[in-house]
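The values are calculated or read from the model by the stated rules, or taken from the named source; none is laboratory data. In this text, all values refer to a predicted model and were calculated from it rather than measured experimentally. Glycine gets a Cβ as well: all are built from the backbone with ideal geometry, and neighbour counts include every protein chain shown.
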Amino acid sequence: MSYSFSGPDGNGPEFVDPVFDSAGNMYGSTYEGGANYSGNVFQLTHSNGQWTGTSIHDFNGSDGYLPYSSVTPDAQGNVYGTTWMGGPNNGGTVYRLTHSGSGWTYSMLYAFQSSSPDPYFPVGGLVFDQAGDLYGTTQSGGTGGGGTVFELSPSGGGWNFSVLYSFTGQNGPLNTLAMDAAGNLYGATYADGAFGHGTVFKLTNNNGSWSYTDLHDFTNGSDGGNPIGSVSLDASGNLYGTASQGGIGQCSGGCGVVWEITP
């Protein structure tokens, strides 16, 4: 065991892969830790063979609530992330923590609404493109009611929000998007698609215009169903991921699968 949370420094990291800064410090989030038990962002520093944990932001509901995903660092050492709920509209938030001296300053970059046709409830984290734009997903909302893929672009000291695609169904993406070298986006939905058991999708970037491709509709049979985790890309452009249900195992509802999609 490298580190054990105690509550004020964190409690319940969910869909979180720890990330590192250039100094080797580790960052992540927990969904109900921190001083207010509303979730927090933590930093782990390594010294003399041991890790020391610090909560660098404690959410209080008005600034966000229940962060489920990993945080994303930029080149300046700031970290970005989402909260599933909370914020002024209780639909979740996108936030930035700026490192200044020995402390951290919180900024809310965007507050989601809490009903369609607006997007809401971001579960997954964020990815940057080379221009500094942020991309993420929401579980719910959008014009189709089944979640969205969104973009936040820095502009004049603020951020412009736009929806790139709206899904239909019950539950959209629960994961962080993957981006290839050309700037195309890949992800999976939990319960959208032709059979209601999720999809794997691609959004192709054509000079700022985005086109959607459905790469696979899960049937909850031998191909699996209801993917929760993120999509991974290899050097040849093959896609890999997991589905939480289906397959040929003897578990109730199926034991899940690891899948591959080749171009």
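Would segment 147-157 turn up any residue that is farther than 27 Å from S107 by Cα and either surrounded by fewer than 18 Cβ atoms within 10 Å (Cβ to Cβ) or within 17 Å of the chain's Cα centre (by Cα) (or both)? Write out each step before concluding.
Within segment 147-157, the first condition is being farther than 27 Å from S107 by Cα, and the residues that meet it are none.
No: zero hits.
In segment 63-80, how many are aliphatic (A, V, I, L, M), in contact (Cβ under 8 Å) with a residue 12 or more places away in the chain and in a loop (DSSP other than H, G, I, E, B)? Break it down stepwise before answering.
So the first thing to find is which residues in segment 63-80 are aliphatic (A, V, I, L, M), and the list is 66, 71, 75, 79.
In the following step, the residues that additionally are in contact (Cβ under 8 Å) with a residue 12 or more places away in the chain were identified as 66, 71, 79.
Of the ones still in play, those that are also in a loop (DSSP other than H, G, I, E, B) are 66, 71.
The number of residues fulfilling the criteria is 2.
Provide a single number: the residues in segment 197-210 that are at pLDDT 95 or above and surrounded by fewer than 22 Cβ atoms within 10 Å (Cβ to Cβ).
Selection size over segment 197-210: 4.
Cβ-Cβ under 6 Å, sequence separation 6+ or interchain: first residue in segment 7-24 and surrounded by fewer than 15 Cβ atoms within 10 Å (Cβ to Cβ), partner part of a loop (DSSP other than H, G, I, E, B). Which pairs?
D17/S70
Kindly indicate whether A188 is modelled with pLDDT under 95 and within 21 Å of the chain's Cα centre (by Cα).
Numbers: modelled with pLDDT under 95: no; within 21 Å of the chain's Cα centre (by Cα): yes.
The answer is no for A188.
Restricting to segment 78-98, count the residues that are surrounded by fewer than 17 Cβ atoms within 10 Å (Cβ to Cβ) and more than 17 Å from N60 (Cβ to Cβ).
1
Any residue at all in segment 158-165 that is of a type in the set (A, V, I, L, M) and either at positive phi or touching a residue at least 24 places away in the same chain (Cβ under 8 Å) (or both)? Can you show your working first?
The first filter runs over segment 158-165 and keeps only residues of a type in the set (A, V, I, L, M), leaving 163-164.
Pick out the ones that are also either at positive phi or touching a residue at least 24 places away in the same chain (Cβ under 8 Å) (or both) and you get 163-164.
Yes, because at least one residue in segment 158-165 is of a type in the set (A, V, I, L, M) and either at positive phi or touching a residue at least 24 places away in the same chain (Cβ under 8 Å) (or both).
Select from segment 220-259 the residues that are hydrophobic (A, V, I, L, M, F, W, C) and not in a strand (DSSP E or B) and write down the one among them that is surrounded by the fewest Cβ atoms within 10 Å (Cβ to Cβ).
Taking segment 220-259 first, the residues hydrophobic (A, V, I, L, M, F, W, C) are 228, 231, 233, 235, 239, 243, 248, 251, 255, 257-259.
After this cut, where a residue has to be not in a strand (DSSP E or B) as well, the list is 228, 231, 235, 248, 251, 255.
Working: I228: 19, V231: 24, A235: 6, I248: 10, C251: 10, C255: 14.
Step by step, filter segment 220-259, then rank; the result is A235.
Yes or no: segment 117-124 includes at least one residue that is in contact (Cβ under 8 Å) with a residue 24 or more places away in the chain and surrounded by fewer than 20 Cβ atoms within 10 Å (Cβ to Cβ). Lay out the reasoning, then the answer.
Within segment 117-124, the subset in contact (Cβ under 8 Å) with a residue 24 or more places away in the chain is 117-124.
Now drop any that are not surrounded by fewer than 20 Cβ atoms within 10 Å (Cβ to Cβ), which leaves 117-118.
Yes - at least one qualifying residue is present in segment 117-124.
Which number in (1) of a type outside the set (G, A, S); (2) in a loop (DSSP other than H, G, I, E, B); (3) within 16 Å of F121 (Cβ to Cβ) marks the one condition that Y110 misses?
(2)
Being in a loop (DSSP other than H, G, I, E, B), polar (S, T, N, Q) and farther than 26 Å from G237 by Cα is the filter here, so list the residues in segment 151-200 that pass it.
So the first thing to find is which residues in segment 151-200 are in a loop (DSSP other than H, G, I, E, B), and the list is 156-157, 170-177, 180-184, 190-191, 193-198.
From what is left, the residues that are polar (S, T, N, Q) are 170-171, 175-176, 184.
Across segment 151-200, the qualifying residues are Q170, N171.
Tell me which residues, restricted to segment 19-37, are closer than 14 Å to I56 by Cβ and either hydroxyl-bearing (S, T, Y) or under 21 Å from the mean Cα position of the chain (by Cα) (or both).
Across segment 19-37, the qualifying residues are V19, D21, N25, M26, Y27, G28, S29, T30, G33, G34.
Checking S4 against (1) assigned to a loop (DSSP other than H, G, I, E, B); (2) in contact with a strand residue (DSSP E or B) (Cβ under 8 Å, 6 or more places away or on another chain); (3) of a type outside the set (A, V, I, L, M); (4) without any contact (Cβ under 8 Å) to a residue 24 or more places away in the chain: exactly one of these is not met. Which one?
Among (1) assigned to a loop (DSSP other than H, G, I, E, B); (2) in contact with a strand residue (DSSP E or B) (Cβ under 8 Å, 6 or more places away or on another chain); (3) of a type outside the set (A, V, I, L, M); (4) without any contact (Cβ under 8 Å) to a residue 24 or more places away in the chain, S4 violates only (2).
Taking the residues in segment 167-184 that are closer than 23 Å to L109 by Cβ and touching a residue at least 40 places away in the same chain (Cβ under 8 Å) as candidates, determine which candidate is farthest from the chain's Cα centre (by Cα). Write out each step before concluding.
Looking only at segment 167-184, we keep the residues that are closer than 23 Å to L109 by Cβ, and these are 167, 172-179, 183.
The next check asks that each one be touching a residue at least 40 places away in the same chain (Cβ under 8 Å); those that pass are 173-179, 183.
Values: P173: 9, L174: 7, N175: 5, T176: 4, L177: 7, A178: 10, M179: 13, G183: 17 Å.
The extreme case among them is G183.
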